[in-house]
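**Student:** The structure is given below, and queries will be raised subsequently.
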Amino acid sequence: MRRLFTKNFDFDPDKIVMCSNCSTCRWTCTSYEEWGSEAMFAGGRLRMLRAYVEKNLPIDEHFVEAIYSCSVCEQCVERCPIKVPYGEIVEDLRKRLVEIGKGPYGKLGAMGDRVFHEHNPYGGEAKERANWITPDLKISDDSNIGYFVGCTASYRRPEIGVATVRMLNHFGIEPQILGTDEYCCCSPLIRTGQIVMPIFKKQEDGSKKKVGTLDVKSIINHNIEEFKSRGVDQIIYSCSGCFRTTTLDWPKFYREKGGILPFSTQHLSQFLAVKLKKGEMKWKNGYNERVTYHDPCHLGRHVGVFEEPREVIKSIPGIDLVEMDRNRYESKCCGAGGGLKGGFGENATNIASRRIEQALEVGATTLISSCVFCKLNFLDAVKRDGHDIKIVNIEDLFSDLMELG
Ligand code: SF4
Ligand code: SF4
């Protein structure tokens, strides 16, 4: 069993055996619902793992595909009666597949390549990272509050960055932004096992030459040191993936002071909830629609932020917040995370479409989320499948209702 895990991974083999004989979480599993395959849920994957190890089978593309067809949403962990740390197990398996040259799956390796060269997984030029900033935004170079923008807002959904800074400016905060010195938070790399990976360049004769090594630890430490050198002791996030990764993953990679980050992290929904509680938030306009809230896995299940976004939404005059059948700890995944969007694009959109159908079932005309990656995936589903629903994030709503645009 050990040979398919990295050498430092400390797992309990008994739990892997128990999990491989269990199907308790299968009905809630994002990937099982999408693929309908016995290999595509936690217990099924570990059953497959055991078969490959016990029969000493060579690692083939079917195994790799199964290991990567998981959004690491951790709905299974929530359901699990024996508390199998499935998220850690699947991420370690992916790390090992990369180590032995069998992973990552399909085109996911291109993400690592792009982060190595341009510091983002989309491949936009590093020097264009801050191009989303509009002239009206107030940004400073001496605030103790920073805003980590993230790659998706920087290169794909610039309106999120603009709305977030306008929101902070509304409360008198002129945040520090790293601009072109901001590198990927490394969420897509950590989730897909691309922690340390050789980077090759194709030569004219078709051969490949190694040009460097992708090293997540050095990218993360770069971001930490940048904020630290600028005196930032509090960072705000609009992306739940960046927030989760900084809060839970960065400390593991931070080499100084036993991994204690030199700043606190706060998702913008938490920031707004505090303002609300202190009576510092008065809505300028109402929103007379039935809405529902989608818990991003990285914000909800992974970090435990469920109520703050709801408190903020409920405070909007005229709004009718209804819950979908699956909410909070039981929330369905949007399908974008864990490398699904990059590795299995159509499947990721199918999963988003099913989540939107749950919103439509409760009569919502607006689906609100608080993760830029969820928003991106939902918008792709609306574009492809023509759902009659508005997709917004909390910061979009805030900016519109406060007339900050
Ligand atoms: S993760 Fe837990 S609930 Fe799911 S199959 Fe494994 S043991 Fe069963
Ligand atoms: S993390 Fe999500 S997609 Fe992966 S096995 Fe668990 S429930 Fe299924």
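The values are calculated or read from the model by the stated rules, or taken from the named source; none is laboratory data. It should be emphasised that the depicted structure is a prediction, and the values quoted were computed from it without experimental measurement. Note that we place each Cβ from the backbone using ideal geometry, even for glycine, and neighbour counts take in every protein chain shown.
**Student:** For the range 43-108, which fully contained helices (runs of 4 or more DSSP H) count at least 2 residues that are near ligand 2 (Cβ under 9 Å from one of its atoms) and out of contact with any His (no Cβ under 7 Å at 6 or more places or on another chain)?
**Tutor:** Details: elements: 61-68, 75-79, 86-99.
In the range 43-108, the matching helices (runs of 4 or more DSSP H) lie at 75-79, 86-99.
**Student:** Can you report the number of residues in the range 263-305 which are assigned by TED's automatic domain parsing to the domain that holds G231 and of a type in the set (S, T, N, Q)?
**Tutor:** Summing the residues that are assigned by TED's automatic domain parsing to the domain that holds G231 and of a type in the set (S, T, N, Q) in the range 263-305 gives 5.
**Student:** Does the range 243-260 contain any residue that is more than 26 Å from R156 (Cα to Cα), at pLDDT below 95 and buried (at least 18 other Cβ atoms within 10 Å of the Cβ)?
**Tutor:** yes
**Student:** Quick one: is V64 within 14 Å of ligand 1 (Cβ to nearest atom), out of contact with any strand residue (DSSP E or B) (no Cβ under 7 Å at 6 or more places or on another chain), modelled with pLDDT of 95 or more and not assigned by TED's automatic domain parsing to the domain that holds T349? If you could, list the steps in order and put the result at the bottom.
**Tutor:** Details: within 14 Å of ligand 1 (Cβ to nearest atom): no; out of contact with any strand residue (DSSP E or B) (no Cβ under 7 Å at 6 or more places or on another chain): yes; modelled with pLDDT of 95 or more: yes; not assigned by TED's automatic domain parsing to the domain that holds T349: yes.
Judged against the criteria, V64 is not a match.
**Student:** Please determine, by comparing only the residues of the range 33-52 that are more than 10 Å from ligand 1 (Cβ to nearest atom) and free of Cβ contacts under 8 Å to residues at least 40 places away in the same chain, which one is nearest to the chain's Cα centre (by Cα).
**Tutor:** Filtering the range 33-52 down to residues more than 10 Å from ligand 1 (Cβ to nearest atom) leaves 33-40, 48-52.
With the extra rule that they be free of Cβ contacts under 8 Å to residues at least 40 places away in the same chain, the set shrinks to 36-40, 48, 51.
Numbers: G36: 24, S37: 25, E38: 26, A39: 24, M40: 20, M48: 27, A51: 31 Å.
Of everything passing the filter in the range 33-52, M40 is nearest to the chain's Cα centre (by Cα).
**Student:** If we only count helices (runs of 4 or more DSSP H) wholly inside the range 130-222, which ones have 1 or more residues that are in contact with an Asp or Glu (Cβ under 6 Å, 6 or more places away or on another chain) and at negative phi?
**Tutor:** Working: elements: 151-155, 158-170, 187-191.
Answer list for the range 130-222: 158-170, 187-191.
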